[in-house]
Amino acid sequence: MHLAPTEIPHLLRTAKTVAIVGISDKAERASHGVAQYLLENSDYELFFVNPLLDEVLGQKVYKSLKDIGVHIDIVDVFRKPEDCLAVLVESIEIGASAIWLQLGITVPEVATQGSEAGLSVVMDRCIKIDYAAL
């Protein structure tokens, strides 16, 4: 279900695990900054996903969501819009609870198919900004 802004705090408070798909090892990238912020300020167990990297911020980087092996509450996606549907498919396959597309990213098919599969869907928002507002 596409979450209303008023439902996002509940999602953030109840989530325990967050996978950041598209993590970058470049400090100037948004995914890196969000990951660093969440590592330093949240109690989430974070999992990083990027098939091209082995380690970021001292943490192992997984090649895909399927390689993580634990339940993921929020799949936080830092990919271009045309890649988001593939990330959704993998999120559904692993039984994730929610998919979160970052600021500036809105993909109607992700909203429709994610909701139909029972995932909470957040689009065009920054998890760092919403978490900091809690």
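Readers should treat all values here as calculations from the given coordinates under stated rules, not as data from a laboratory. Owing to the predicted nature of the structure, the values given are computational and were not obtained by experimental measurement. All Cβ positions, glycine included, derive from the backbone under ideal geometry; neighbour counts span all protein chains shown.
Membrane-span-like helices in the chain: DSSP H runs reaching 15 Å or more (Cα, own axis), mean Kyte hydropathy at least 0.5?
Result, helices passing both filters: 81-93.
Using the 10 angstrom Cβ neighbour count as an exposure proxy, how do Lys26, Lys16 rank, fewest first?
Final ranking by Cβ density, sparse to dense: Lys26, Lys16.
Taking the highest mean first, how do the peptides 121-134, 64-77 order by number of other beta carbon atoms within 10 angstrom per residue?
Highest mean packing first, the order is 64-77, 121-134.
Taking 0.36 nm per intervening residue step and subtracting the Cα-Cα distance, what contour gain separates Val89 from Asp54 on full extension?
10.3 nm
Whose amide H sits under 5 Å from the amide H of Leu53, counting only residues 5 or more places off or on another chain, with H placed in the peptide plane?
When sequence neighbours closer than 5 places are left aside, there are no close amide H contacts.
Need the C-alpha centroid separation for segment 80-134 versus segment 1-53, integer Å.
Cα centroid of segment 80-134 versus Cα centroid of segment 1-53: 12 Å apart.
Which lysines, on any chain, are close to Lys63 with Cα under 20 Å apart, when same-chain ones fewer than 8 places away are left out?
Leaving aside lysines fewer than 8 places away in the same chain, those within reach of Lys63 are Lys26, Lys80.
Output the antiparallel fraction of DSSP beta bridges having both residues in segment 5-132, as a percent to the nearest 5.
About 10 percent, rounded to the nearest 5.
How big is the chain by the Kirkwood estimate over distinct Cα pairs, in Å?
14.5
Could you give the dipole magnitude of the chain about its Cα centre, charging the beta-carbon of Lys and Arg +1 and that of Asp and Glu -1, in debye to the nearest 20?
Dipole magnitude for the chain comes out near 140 debye.
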